[in-house]
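S.K.: What follows is a single structure, and I will ask about it in a moment.
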Amino acid sequence: NRQEVSAGGVVIRPDNPGGWRVLLGDQRDRNRDGVATRLPKGHLDPGETAEDAAVREVLEETGHHAVIRLALDDVEYEYYEKRKQRIVTKRVHFYLMDHIRDAGERDDEMTRVYWCSLAEARERLTFEAEQTVVAQAADILGEG
C-alpha cells in the first residue's frame with residue numbers, strides 16, 4: 001500500500017445577488033477511463049507545508065490566485081492505481097480559500113475550469129469525499 005499526502009482548496013467568490021460560487025475543474029481520470037469533476041489539489045513538494053501546497057496547486061491547476069480562510073476537515077480515501085497495480089491510501093488537507101484574482105494561465109492538468117454554486121458543485125463533483133468537503137464549506141458559509 002502506497003501512502004500519499006495532498007492539499008487543495010474549496011475556492012470561493014461572492015455570487016450576485018448573494019451566496020457563493022466555487023471553483024471546479026474537469027480532469028481526465030486514468031483510473032476511471034473518463035473525466036472526473038473535482039476540486040483543485042495536488043501533492044506536497046519536499047519541505048512544503050500543506051497550506052503552501054494548497055495555494056500553489058490552486059494557482060497551477062486553475063490559474064487563479066487564492067488565500068486560505070480556514071482549514072476544512074482532512075479527507076482520506078483509497079484508490080486503485082491501474083498503471084502500477086496497487087492500492088494507494090491518500091490523505092488530502094483541504095482549505096476554504098478566498099479568490100483573489102485570475103492569473104490568466106494554468107497547467108494542462110484540468111481540461112476545463114469553471115465556477116458554479118455550492119449546491120451545483122455537490123451535484124457535479126465525481127468523488128464523495130470532495131462532495132463532503134464542499135458541504136462542510138457550505139455549512140460554514142451559511143448555505144448548508
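The values are calculated or read from the model by the stated rules, or taken from the named source; none is laboratory data. Since the structure is predicted, the reported quantities are computational estimates derived from the model, not experimental observations. Here Cβ is always computed from backbone atoms with ideal geometry, including for glycine, and neighbour counts include all displayed protein chains. Just so you know, the surface numbers come from the protein's heavy atoms only, side chains and all, with ligands and any DNA or RNA stripped out. Shrake-Rupley method; radii C 1.70, N 1.55, O 1.52, S 1.80 Å.
S.K.: So which trypsin sites (Lys or Arg not before Pro) in segment 48-137 are both in a DSSP loop and have at most 16 other Cβ atoms within 10 Å of their Cβ?
M.R.: Here the trypsin sites (Lys or Arg not before Pro) that fit, given the DSSP loop and packing criteria, are Lys82, Arg83, Lys84.
S.K.: A follow-up question, please. Determine the relative contact order of the chain: mean sequence separation of Cα pairs under 8 Å and six or more apart, normalised by residue count, in whole percent.
M.R.: 32 percent
S.K.: Can you give the angle from 0 to 90° between the axis of helix 50-62 and the longest principal axis of the chain, with both taken from C-alpha atoms, to the nearest 10?
M.R.: Taking Cα atoms only, the helix is inclined about 80 degrees.
S.K.: With viscosity set to 1.567 mPa s and temperature to 4 °C, compute the Stokes-Einstein D of segment 60-104, Rh being the Kirkwood radius across alpha carbon pairs; µm²/s, no decimals.
M.R.: Reported coefficient: 100 µm²/s.
S.K.: How much of the accessible area of the chain, probe 1.4 Å, is carbon plus sulfur, in whole percent?
M.R.: Heavy-atom surface of the chain belonging to carbon and sulfur, 1.4 Å probe: 44 percent.
S.K.: Based on alpha-carbon positions alone, could you give the equivalent ellipsoid semi-axes of the chain from the gyration tensor, as √(5λ), descending, whole Å?
M.R.: Semi-axis lengths for the chain are 23, 16, 15 Å.
S.K.: Could you tell me what percent of the DSSP beta bridges with both partners in the chain are antiparallel, to the nearest 5?
M.R.: 75 percent
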